[in-house]
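Enquirer: Below is the structure I would like to discuss, written out as structure tokens.
The values are calculated or read from the model by the stated rules, or taken from the named source; none is laboratory data. Only a predicted model underlies this, so the values are computations on that prediction, with no experimental measurement involved. FYI the Cβ positions are ideal-geometry reconstructions off the backbone, even for glycines, and counts take in every protein chain you see.
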Amino acid sequence: MDVDYLIKGGHVVTVDKERRVFRNGAIAVRQDLIVDVGRTEELEKRFVPSKTIDARNKVVVPGLINTHAHVSAEQAFRGLVPDDVDHLDWAFKWIVPMYSGLSAEEEYATALFTFIEMIKNGTTAFCEAGTAKHVDQIVAAMNAVGIRGCVGKWTWDIPKTPANLYQTTDEACETTEEVIKKYHNSANGRIKVWATPIGHTQTSDQLLVGLKQLAEKYDTGMTMHLSSWLEDVHGYVERTGKRPVQYYEDLGILGRNLLLVHMVNVDDSEIDLLQEHDVKIAHCPSTAFWFGYGISQVGKFPEMLERGICVSVGTDAANCSNHFDMLRSLYLIAGVYKDARRDMSVMPVEKVVEMGTIEGARAILQEDRLGSLEAGKKADIVILDARRSEWLPLFNVLNNLVYSADGHSVDTVMIDGQVVMEDRKITLVDELQVCEQIQKVGERALKRIGLPVRTRWRVID
């Protein structure tokens, strides 16, 4: 049988139902789909490829799925926000001015830069976190590099400033529906459009209900921030008399197509509701460490997983985690709960790898298409170079993947059957030009917006 690609000779981590790992495995790809996965010697007999990818001394895994990422604007200011500011000042004195102050062209440049960084770190699909101001430019950048993702329009209706981000409740729902009609399931299904309210205290109940109805109408998802800080929870209790998840059950927005982000400060009664309604979770450990959410003290993600709740992984943004390296995030998750519970059996590497792959696919409602290397699924494939020193010697692939490797190990990336990075070179755009441009965009925007560069050590020109 003729195929487009035969990736052969590698350690293939399938994350299929049997959780098979082939020491000398191969993957046959035709157009945008995986045709078969198995032993190299068997697939070589059955398939005639147009191109062969030599995966000897390499590790092949499903594309990583980043379920919470602010993909634009902030990347022009990475690392600018001091790491000691109050979280409300962080949001409204630093972050919101960044997003409101960038032009459409600048947002395109930042998104393009982010997608390159994602691909270079092995991410093949993402869920945008709700801060895309110019969705047309985000989609254009996605198409330029070939990445897969769920996008949506910046949506809040409570803060009336800045004016270029504020919408009335009706306007926010109308805009979301327009974007869904324009882009949902476009690019061979590579682009999905979700309802993306900011959450926290920035979104009215009426807007959340309206967006949930749109998500149901168009068979798509909704994502929002919730229960990051303890103050979030206290605010809901003071305003409604109920904890956030309890309140949202009454509001009628819990369900299988709701992806809640952070979810650090939850109690057992809320976990019951999350399980009952099949709500999905995006865990962002780097952000928790930045802000001091308290995941090691109060985070109940291991308990959520034990209950069968879908817990996925996000890297968040360029001024709270400051990176888009999913492997770094998996490492944090694997370690923090072992230490917190003083129990090495908590968060085994197998579970952590699932969180970055098949659970990520569940979280974005695409587990039938993504998240594992199986016949019939999309050809979203990542190849890591196991000749690098951090991989050697190689005996236990999953241990080395989670505890030893980072995104610099990623060698080749395929998305939707298209090679978007080969030998660490982005194939569809000029990476160097994009990197040079992002520095210029940041310098120009910083001067225009007027944010300070604060350092505690003396910097000498």
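Enquirer: Pairs only if they're at least six apart or on different chains, beta carbon under 8 angstrom, first in the range 41-70 and more than 21 Å from residue 323 (Cβ to Cβ), second charged (D, E, K, R) and surrounded by fewer than 15 Cβ atoms within 10 Å (Cβ to Cβ); list them, first residue then second.
Expert: 47/2; 48/2; 49/2; 50/2; 57/387; 58/387
Enquirer: Taking the condition of being under 18 Å from the mean Cα position of the chain (by Cα), among the aliphatic types (A, V, I, L, M) and either in a helix (DSSP H, G or I) or over 17 Å from residue 28 (Cβ atoms) (or both), how many residues in the range 402-414 meet it?
Expert: 3
Enquirer: Could you check the range 271-298 and list, in sequence order, the residues that are buried (at least 23 other Cβ atoms within 10 Å of the Cβ) and free of Cβ contacts under 8 Å to residues at least 60 places away in the same chain?
Expert: Listed by number, the residues that qualify are 274, 279, 285, 287, 295.
A quick yes/no check of all residues on (1) more than 22 Å from residue 214 (Cβ to Cβ); (2) in contact with a helix residue (DSSP H, G or I) (Cβ under 9 Å, 6 or more places away or on another chain):
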| site | (1), (2) |
| --- | --- |
| 76 | yes, yes |
| 96 | yes, no |
| 99 | yes, yes |
| 107 | yes, yes |
| 114 | yes, yes |
| 122 | yes, yes |
| 146 | yes, yes |
| 149 | no, yes |
| 162 | yes, yes |
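Enquirer: Sticking with this structure for a sec: Just to check your reading of the model, which residue among 396, 400 is buried (at least 16 other Cβ atoms within 10 Å of the Cβ), assigned by TED's automatic domain parsing to the domain that holds residue 13, of a type in the set (S, T, N, Q) and closer than 23 Å to residue 332 by Cα? Reasoning before the result, please.
Expert: Working: 396 fails: buried (at least 16 other Cβ atoms within 10 Å of the Cβ).
Only one candidate qualifies: 400.
Enquirer: Given (1) surrounded by fewer than 22 Cβ atoms within 10 Å (Cβ to Cβ); (2) in contact with a helix residue (DSSP H, G or I) (Cβ under 6 Å, 6 or more places away or on another chain), identify the lone condition not met by residue 264.
Expert: Residue 264 satisfies every listed condition except (1).
Enquirer: For the range 247-332, please list each of the helices (runs of 4 or more DSSP H) lying entirely inside it that holds at least 3 residues being farther than 18 Å from residue 351 by Cα, out of contact with any Gly (no Cβ under 8 Å at 6 or more places or on another chain) and not β-branched (Val, Ile, Thr). Explain how you work it out, then say what you get.
Expert: On the way: elements: 268-276, 285-291, 295-298, 301-306.
Answer list for the range 247-332: 268-276, 285-291.
Enquirer: Regarding the range 194-213, can at least one residue be identified that is under 18 Å from residue 135 (Cα atoms) and over 22 Å from the mean Cα position of the chain (by Cα)? Spell out the reasoning first.
Expert: To start, the set of residues in the range 194-213 that are under 18 Å from residue 135 (Cα atoms) comprises 194-198, 211.
Filter once more, keeping what is over 22 Å from the mean Cα position of the chain (by Cα): none.
Among the residues of the range 194-213, not one is under 18 Å from residue 135 (Cα atoms) and over 22 Å from the mean Cα position of the chain (by Cα), which makes the answer no.
Enquirer: For the range 88-126, what are the residues that are within 22 Å of the chain's Cα centre (by Cα) and in a loop (DSSP other than H, G, I, E, B)? Spell out how you get there, then give the answer.
Expert: From the range 88-126, those within 22 Å of the chain's Cα centre (by Cα) are 90-91, 95-96, 98-99, 106-126; that's our starting set.
Listed by number, the residues that qualify are 121, 122.
Enquirer: Please identify the pairs in which a residue from the range 234-262 that is in contact (Cβ under 8 Å) with a residue 12 or more places away in the chain has its Cβ atom under 8 Å from the Cβ atom of a residue that is among the hydrophobic types (A, V, I, L, M, F, W, C) and surrounded by fewer than 18 Cβ atoms within 10 Å (Cβ to Cβ), counting only partners at least 6 apart or on another chain.
Expert: Listed pairs, sorted by first residue: 243/237; 245/273; 246/273; 249/273; 251/209; 252/209; 253/209; 254/273.
Enquirer: Additional query: Regarding residue 192, is this residue out of contact with any Lys or Arg (no Cβ under 6 Å at 6 or more places or on another chain), surrounded by fewer than 19 Cβ atoms within 10 Å (Cβ to Cβ) and not hydrophobic (A, V, I, L, M, F, W, C)?
Expert: Details: out of contact with any Lys or Arg (no Cβ under 6 Å at 6 or more places or on another chain): yes; surrounded by fewer than 19 Cβ atoms within 10 Å (Cβ to Cβ): no; not hydrophobic (A, V, I, L, M, F, W, C): yes.
In short, no.
Enquirer: Next question. Does the range 203-241 hold any residues that are touching a Pro at 6+ places or on another chain (Cβ under 9 Å) and under 12 Å from residue 257 (Cα atoms), and which are they?
Expert: 211, 222, 223, 224, listed by residue number.
Enquirer: When only residues in the range 360-401 that are of a type in the set (Gly, Ala, Ser) and assigned to a loop (DSSP other than H, G, I, E, B) count, which is farthest from residue 18 (Cα to Cα)?
Expert: In this case the residue turns out to be 386.
Enquirer: Hey, another quick one. Given (1) over 30 Å from residue 230 (Cα atoms); (2) in a loop (DSSP other than H, G, I, E, B); (3) of a type in the set (A, V, I, L, M, F, W, C); (4) free of Cβ contacts under 8 Å to residues at least 40 places away in the same chain, identify the lone condition not met by residue 85.
Expert: (1)
Enquirer: Given the criteria under 15 Å from the mean Cα position of the chain (by Cα), touching a residue at least 12 places away in the same chain (Cβ under 8 Å) and within 20 Å of residue 358 (Cα to Cα), does residue 301 qualify? Break it down into steps so the answer makes sense when it comes.
Expert: Numbers: under 15 Å from the mean Cα position of the chain (by Cα): no; touching a residue at least 12 places away in the same chain (Cβ under 8 Å): yes; within 20 Å of residue 358 (Cα to Cα): yes.
Criteria not met by residue 301.
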